[in-house]
Every structure is written in C-alpha cells, then in structure tokens.
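Read-outs throughout are calculated quantities, based only on the coordinates presented, and are distinct from any laboratory measurement. Just so you know, these numbers come straight off a predicted model, no measurement behind them. Here the Cβ positions follow ideal geometry from the backbone for every residue, glycine too, while neighbour counts run over all protein chains shown.
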Ligand code: MIC
Ligand code: SF4
C-alpha cells in the first residue's frame, strides 16, 4: 500500500509505535521553535532537565508575542531567553525580526523534516513540506533535550484542489472554505494533505496560509508536497540546497477526500466568535466596520503585503476606520521599504506596526467597545482582541483593504482590476537579527540572566487512587485555551508567573472561578466537546494545576491541550455517554474511586453524591501516560520537578 507524504516523514522519524491510526507513536524531532509567550516556561523546563546543549539539528527561540514591554517583565524574560539560547545552542531571533512562523518559513524550514513548536500555528511549516506540529512547552523542552515527541497516529485526509483562484480570491478564502466544510472539530485526529493540480498555482507563503489555519480545524497538522514551487521559494531565500522533492504515492490511501475547485471560490469571512462561522463576504455587505488589521502569521508574507500596498496605492482609508498593517518579518518590511510599497501603505492612512503578533493576541490595538474589527488573522475567539464585546471577523488581505477603503464589509471583487503583482526573484537576506549560539567552548561561561517575574512552577502531586472533590466549574462546547488562560497586553507579561496568572483563569467565563477553586483546595472541571482547542499554551494546564484541579471531564478534548493536561498531572477523562454531561451541575460533590484500576481497564465510575447519579467515564491512556499521571506529571515521571 502506498504512503501519504506525512506517513513517509513519520516512517523516517519513527522511534517506536505502530503507524496505525489511534496508536501512540514516538517521533524523532529535527527542529524546534519557541516564541516568548510560551518560551520562558519551556526554557525553565529545559533547564530543569540539565542538558547542556540542544540535541536537535536546529532549535530557534523567537521573540514576537510580548514585544510591548510595558514594564520590566517582558524585557527580563527576553533577556532570560536570549541568555538561555546563547548558552544551550539555540539561534535567537530578536524582537522586531518577525513572527516565528513567518521567519521560520523564510530562513529555516526544510521539506521532509520534523518540527515542533510551542505555538499551535507551527503547522505553517507544512507549506514548505515539513511535518510541523504545535506542542506544549514541556514537550518542546523534551525534544530539545533529544527526547521523542509522542502523538496519536493520525488519520489521513486529502484535499484536492482543482482550477485556479480568481483575482481577489485568495489562499485565506481556501482556509475559510475548508473551515466552513469541516468545522473547528473536523480535523481532530487527522493530518490534512493538500494536493491536486490546483496547488501548482499556489506559492509557498500561500500554502503556508492554508497549513497555518489547519490548526483551526483541530488537525494534528497540514502539509503540502515539496515540488518546483517549493524549490523556487527556497532558491529565492538563497537556500536551494535545502530542497528535496516530496510527494505521496499514487496509491496512498486517505480516510477522507475533499474536493475544492479554486475557480469557483468566493471571498469568505468568519463571523464572531469562531473561525468556522463562515459565510460569503457578499452576504454581509454593507456592515459598518470600525477597525481593520492586516498581518499575523496567517497573512503577513511579502506577497500579501504587496497586494495590500497595490490596492491602497493612491487611495485614502475612510476616516471612521482605523487600519493597522504589521508585516510578518524584517525581510518583508525591508523589501516593502526598498520597492516603495511601504510609502503607499503609509500614505493611505494606515498605522504600520512592528513585525510581531501584535493585535492578534490582544497586544494593543483592541477595537472600540462593541467595535467591528476585520482581521486577516486566524482566530476570532470572544475577548481575544482585548475588548470583551469586540466583534472580530476573519478575512483575506483583499477583503480587509476593501473594508478599510469603504468603511463597510465589501466584496473585494468590486474594487475593480487587481493590480499586477511582481514577486522578486530573490528575497532580501539579512540574518543580522538572528543571533547564533555561543560555541561549545564558550557556552559554559555564558551567564543566565533572570528577573523577578520568573516564579517557580506549580508543584504537582501523584494521582490519588480516589478523588473526592467538588465540580468547581461546568462549561460548554468548544472552550478554547483563550477561555481557560486569557492572553492580552495586561496578562501576557506574566507567562512565567503562574501565581499571578491564576487570578485570570477562566475570566471570560466566570471571574469567581479562581477564588472558588482555591477555596475548594482540589476540584474537577466539566466541559463539553473539543475542550481546550486553540493555542498550545501549557499555562492552560499549569494554572488549573496551581488552582488544585485534579481532573477535567469532557465530551472530547483538543489534541495539544490533552497532552498538556497529562504532562501537568491532571487527568483528562471523557463521558462514555455524552448525554451524561447534562446530569452534572456546578457545585456537585463528586467521587471517583479505584482510579489506578480504572486507568488499566479504561473505564471509571463518577459518583455524583449530590444527585446520586453514577456516570461511566472513559480513559484511554497509554502505559506511558498512566505512568506520567501516577507520578504527578511529566517532570516528576522523568525524576525531575522538585518535591
Ligand atoms: C495564539 O495564537 O493563541 C498564540 C498566542 O500564538 C498561542 C501561543 C501562546 O498562547 O503563547 C498559540 O497559538 O499556541
Ligand atoms: Fe502570533 Fe497570532 Fe500567529 Fe499566535 S496566531 S503566533 S498570536 S500571529
């Protein structure tokens, strides 16, 4: 039987396990990346392991999320990460050099390699033919130390593209269309391979837009073949030698095949507050717009920015609209400046922001109260913009420009002719903001710089055989890690300070949760389906751990979050009968007995002492996961992590 592209890369990196969907496989990881919002924690964890130098082929520490530096906290954390990188053999991408995924694609991504990153949009690398996956910081730390990365062997989906995108219809619209078809749960447990003759018309950054947003489908990752388009991109980055051809076998077998005709696609838009709440732009025409943001790891390539500049050239945005443009990297910004496109953007009335995540993660540029914000980003979760009642829509750069120029949601196809965009043959290569590590000889003398914002990890404890605890919080479906542990300019600086962060846990759903959880001492959370979707932030597990949460019971979990819970020593359990969710109420007294035996049999009984109900639960842990939970988390399991 033939293999898919992902199966070929997995086979080549397989350390242990069976490549049958559902079984756990351990993979050798070639490259890692971290960003600063998850990085400080990941490097503290790496430090605990006592490995002097990273054992991967390449590891990069990026600073791109917390670049506001509104106090000493971020600046201190950045110096810590920089000194860790220098000492332990990592490249360090300075603040302002760009968003990790964009820079990694430009300067480091290699077809056929495995990459894990402490950021859920690491699958951006799938655009260049990498098997690139988002992971919790601790899993990235383990990979840096030479350890395997464990995933559940995914199913294989294929999307066949035919035809060619019309002007004003873009890779972003392809991403939104697949979200419309599959929903935010539709990719869970699967790797999505993109193929068909239509992919030849898509450049690497356009492919990367699509694999980036595969994260919103819940997919393990998404991947394109490595072909002549990939080769041309690598050559333009001066890295032609990194090219290898990669394609699936003609008789590869897929669990699901989806057909999309690019020629028939229309400009699409995701409405508040979920990336799969997708309709055509046309259907919302006339909706008044207050703010437009262009950028993020989804849509900040040179190609995107050149289109934006060409459409804005000689025009002025509506006075009622505030427009921000953040190029994805220093390379993109420098090339925009050199060719004059930056002046066209500035002359239109746009605010040009730093090459960083910025508004995407609520680091400034929050919309006005109740404001409608059209963003070329990948997530529009409630409250994520920093304005609790902000109405965030996700669109392509073309649709964003159309709204900025007209002040309302407008089908960009009405803008007239799409100007011709000529891409340069070579990108401008300047790696001066990427600092190499110290040599092996010099590394021991590098001092690690720490600030007072860095607080110890929460202590975990071995799983008890019996839990007798209250149901401290009951939430619904599709709870994101932004709900569990919000980000934004006020909170993000404290990513290395779990006690401080804990005050904001579940703030979007229930501001009384932290206090109630603390008072309970130990507790259980109950959720609906796809619990923990979105960001890879392990803080969404570490903070509940700090607040005493011992188990989370849901209808289903998202992939990275369930791994983070187990790594933190919190037991993820699912209802055997999803309708039992309705039998539980917040505040109920719960008991789970014989937990160890239950882990072995795969089933436990939840007794609700308040209602008298007995509810069967499922726990399908591997032996490794059982051992981690019994030990009280991954660090304890490997003999580290304090008391
Ligand atoms: C996000 O887009 O939510 C983030 C911020 O990039 C996160 C990482 C984090 O929370 O630090 C992600 O996607 O993993
Ligand atoms: Fe940064 Fe937004 Fe991309 Fe997350 S999704 S990495 S916050 S740009």
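Our helix-only sum for the chain, with -39,500 (n - 2.57) per DSSP H run of n ≥ 4 divided by its residues, gives a mean residue ellipticity at 222 nm of -8000 deg cm²/dmol. Between the helical axis of 171-182 and the longest alpha-carbon principal axis of the chain there is an angle of about 40 degrees.
Taking every C-alpha pair closer than 8 Å and separated by at least 6 residues, the mean separation divided by the residue count of the chain gives a relative contact order of 14 percent.
For segment 16-88, the spread of Cα coordinates along the three principal axes comes to 49, 26, 20 Å, biggest extent given first. Here the label points at residue 627 and residue 338, each 7 Å from Cα along the C-beta direction, are separated by 5.3 nm in the simple model. Each Cα pair under 8 Å and six or more residues apart adds its sequence gap; the mean of these over the residue count of segment 266-320 is a relative contact order of 20 percent.
Please grab the % of Cα pairs in segment 352-491 that end up more than 23 Å from each other. Numbers along the way, then the final one.
On the way: 6271 of 9730 pairs.
Counting pairs separated by more than 23 Å, the tail of P(r) holds 64 percent.
Once the gyration tensor of the Cα atoms in the chain is diagonalised, the equivalent ellipsoid follows with semi-axes of 37, 27, 25 Å, ordered largest first. Reducing segment 270-305 and segment 314-353 to their Cα centroids gives an inter-centroid distance of 17 Å. Length, then width, then depth: along the principal axes, the Cα atoms of segment 515-555 run 28, 21, 14 Å. In segment 279-369, Rg over Rh equals 0.97, where Rg is the alpha-carbon radius of gyration and Rh the Kirkwood radius from pairwise Cα distances. By the Kirkwood approach, averaging reciprocal distances over each pair of separate Cα atoms, segment 288-444 gets a hydrodynamic radius of 16.3 Å.
Summary of the geometry: segment 2-23 and segment 63-79, compared by the centres of their Cα atoms, lie 39 Å apart. Of the peptides 570-578, 375-383, the order by per-residue mean of other Cβ atoms within 10 Å, starting with the highest, comes out as 375-383, 570-578. The equivalent ellipsoid of segment 24-142 has semi-axes of 22, 17, 12 Å, largest first, where each one is the square root of 5 times an eigenvalue of the Cα gyration tensor. Once both axes come from the Cα atoms, what is the angle between helix 72-88 and the longest principal axis of the chain, in degrees from 0 to 90, rounded to 10? Helix 72-88 and the main axis of the chain meet at about 90 degrees. Remark: 184, 142, 253 ranked as 253, 184, 142, counting other beta-carbon atoms within 10 Å and listing the fewest first.
Taking the three principal axes of the alpha carbon atoms in segment 333-397, the coordinate ranges are 39, 20, 20 Å, sorted in descending order. Using only Cα positions of segment 176-263, each an equal point scatterer, no hydration layer, compute I(q)/I(0) via Debye at q = 0.18 Å⁻¹ and quote the log10 values to two decimals. Each listed q maps to, in turn, -0.86.
Once Rg and the Kirkwood radius are both taken over the C-alpha atoms of segment 497-588, their ratio Rg/Rh works out to 0.94. Eigenvalues of the alpha-carbon gyration tensor of segment 419-474, scaled by 5 and square-rooted, set the equivalent ellipsoid semi-axes at 48, 29, 13 angstrom, largest first. Legend: ranking of residues 426, 413 from fewest to most surrounding C-beta atoms inside 10 Å; resulting order 426, 413. Nearest 10 degrees is fine. How inclined is helix 36-49 to the longest principal axis of the chain, computing both from alpha carbons? That works out to roughly 50 degrees.
Residue order for 550, 79, fewest other beta carbons within 10 angstrom first, comes to 79, 550.
Which shape class applies to segment 100-245: rounded if a/c is under 1.5, otherwise prolate when a/b exceeds b/c and oblate if not, where a ≥ b ≥ c are the square roots of the Cα gyration tensor eigenvalues? It is oblate, given that a/c is not under 1.5 and a/b is not larger than b/c.
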